[in-house]
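The values are calculated or read from the model by the stated rules, or taken from the named source; none is laboratory data. Bear in mind the structure is a predicted one, so any value in this text is a computation, not a measurement. Here the Cβ positions follow ideal geometry from the backbone for every residue, glycine too, while neighbour counts run over all protein chains shown.
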Amino acid sequence: MFSRLVCLFSAGILMAQPAAAPQDTARKALDLLLAHKYADVVALISPGSKATNTEPVLAKKIPEDLGAVQNIGTADVRKLGLTNVVYIPLKFASTDATFVAAVNEQGLLSIVRIDVDPWKHPPYSKPDSFKEREVTIGTQYKLAGTLTIPNGPGPFPGVVLVHDSGAGTRDETVGAVKVFKDLAEGLASNGVMVLRYEKRTKTYPAVTQSRDYSPETEVIEDAALAAGVLRAQPELKPGKLFALGFGFGGYLMPRIAEADGKLAGMAIVNGNERPLEDLALDEAAYRKIQGPQLVLIQEQAGKIKRLTQADVDTAALLGMLGPYLLDLKGYDPIAESKLVAIPMLVLQGGRDFQVNMKDFAAWTSGLKGVKNVTLKSYPTLDHVLVAGAGPSTENDYRKAGQHVAPEVIADLAKWFNQ
């Protein structure tokens, strides 16, 4: 009887204690799992989930072919009803993964798993030839970034990668393709240090609803801040800081170069030269859109062409509000490029239907005779720089095992290193 009272008293004390922070509980479970202390992990599992999380089951949570853990990232906690779901990024020797743990109100786990990223290192990546470290971009809007740095004494040329449209991650993941991760590892394997970062709209999605939301606040400000972070790194070769704009980031690259004022050169990869409404009309034709949907696109594209500063409060057109559209009104990337007057590299995929060869022709024509400009197209590459045949579709992006073409890596590395 006394023993039972002691047990009940002890249990009461434990129940009265506040549960640990969910990210701490998840990290504890992860550390135990990686240490193969499965019985200790089971002790953290809620009673209703113990049957599906036995020691033998937990022992199989980490595939044997992942290799050693190289880095454990910062936990991301998301509320789901009364449960906190914790995501912890992991870097193994062979690939990236995410530890996922669901923590209930009592601080016990109902879900424990490791989601393995299907992405694999491309053939041109040499993981033993570079290292990575985390940085933060900005102060008002803090953005997580990754520096990929060649091993060795340096110094090295460096490049900031600037996103396409949309809420992009630092890897610029499009379907199964990680455009920026491929670029970072490929370039670092060839002696170029790379900075990539989470886009503001990815980390702070509410900014898109702000009245001052524009390409300036979406892209340009953070790209310039990222250049400042890379410039402060001890491994950077003085005077050898570049920026690479992908898609919409390429369109804005001349403005980014002007905002920074110190770039050694700018690379534009599948970047449009023409206004966004022209791209929308071309893509609609490529997709064979017809009927009312086509009429709506045509009408809104026409309204964008006719916008004036008095239309700042216009309803969204092609998904963009008045201040955003007016920020781009009259923007001429060719003219801006000539004013910035730094070396340029323009690369274009011939199968890209989002930014097509009309834009490459416009860059080629507009930059004719300008010094220190290199232009090159790749007939078989699509928007995400993957080789293929026939008309490109978004379904192509979802095929596992695809990577940025090696010839793009080689051409970029040669240009940055020259």
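Side notes on the structure shown:
- Options 168, 154: the member that is in a loop (DSSP other than H, G, I, E, B), under 14 Å from the mean Cα position of the chain (by Cα) and at pLDDT below 95: 168
- Filtered residue count, the range 159-171, keeping only those that are crowded, with 24+ Cβ neighbours inside 10 Å and acidic (Asp, Glu): 1
- Residue match in the range 171-186 (condition: assigned by TED's automatic domain parsing to the domain that holds residue 413, polar (S, T, N, Q) and touching a residue at least 40 places away in the same chain (Cβ under 8 Å)): no
- Residue among 68, 39 that alone is loosely packed, with under 13 Cβ neighbours inside 10 Å and either of a type in the set (S, T, N, Q) or in contact with a helix residue (DSSP H, G or I) (Cβ under 8 Å, 6 or more places away or on another chain) (or both): 39
- Sub-9 Å Cβ pairs linking a first residue in the range 249-271 that is surrounded by fewer than 24 Cβ atoms within 10 Å (Cβ to Cβ) to a second residue that is acidic (Asp, Glu), at least 6 apart or interchain, are 255/216; 255/336; 258/336; 259/216; 259/221, ordered by first then second residue.
- Close pairs (7 angstrom Cβ cut-off, 6 or more residues apart or separate chains): over 18 Å from residue 244 (Cα atoms) and in contact (Cβ under 8 Å) with a residue 60 or more places away in the chain in the range 345-363, of a type in the set (Lys, Arg) and surrounded by fewer than 21 Cβ atoms within 10 Å (Cβ to Cβ) anywhere: 358/274; 362/274
- Residues that are crowded, with 18+ Cβ neighbours inside 10 Å, part of a helix (DSSP H, G or I), modelled with pLDDT of 95 or more and of a type outside the set (A, V, I, L, M, F, W, C) do occur in the range 329-349.
- Taken over the range 173-209, the criterion of being more than 23 Å from residue 400 (Cβ to Cβ), in contact with a Gly (Cβ under 9 Å, 6 or more places away or on another chain) and aromatic (Phe, Trp, Tyr) is satisfied by 197 alone.
Every residue, every condition in (1) among the small types (Gly, Ala, Ser); (2) touching a residue at least 40 places away in the same chain (Cβ under 8 Å); (3) farther than 24 Å from residue 121 by Cβ, yes or no:
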position	(1), (2), (3)
48	yes, yes, yes
63	no, yes, no
67	yes, no, no
78	no, no, yes
85	no, no, yes
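- Matching residues in the range 147-158 - criterion: being crowded, with 16+ Cβ neighbours inside 10 Å and touching a helix residue (DSSP H, G or I) at 6+ places or on another chain (Cβ under 6 Å): 148, 150, 157, 158
- Given (1) in a strand (DSSP E or B); (2) at pLDDT 90 or above, index of the condition residue 79 fails: (2)
- When restricted to residues that are of a type in the set (S, T, N, Q), part of a loop (DSSP other than H, G, I, E, B) and over 20 Å from the mean Cα position of the chain (by Cα), the range 350-405 contains 5.
- Test for residue 364: is it crowded, with 16+ Cβ neighbours inside 10 Å, of a type in the set (S, T, N, Q) and at pLDDT 95 or above: yes
- Residue 120 being within 20 Å of the chain's Cα centre (by Cα) and more than 22 Å from residue 223 (Cβ to Cβ): yes
- All helices (runs of 4 or more DSSP H) inside the range 204-288 with 2 or more residues being among the small types (Gly, Ala, Ser) and either outside the structural domain of residue 182 (by TED's automatic domain parsing) or farther than 30 Å from residue 298 by Cα (or both): 221-231, 253-260, 276-286
- Qualifying residues in the range 43-65 (those that are touching a helix residue (DSSP H, G or I) at 6+ places or on another chain (Cβ under 6 Å) and in a helix (DSSP H, G or I)) - the one farthest from residue 33 (Cα to Cα): 55
- Whichever residue in the range 356-393 is polar (S, T, N, Q) and in contact with a strand residue (DSSP E or B) (Cβ under 9 Å, 6 or more places away or on another chain) and, among such residues, is farthest from residue 334 (Cα to Cα): 392
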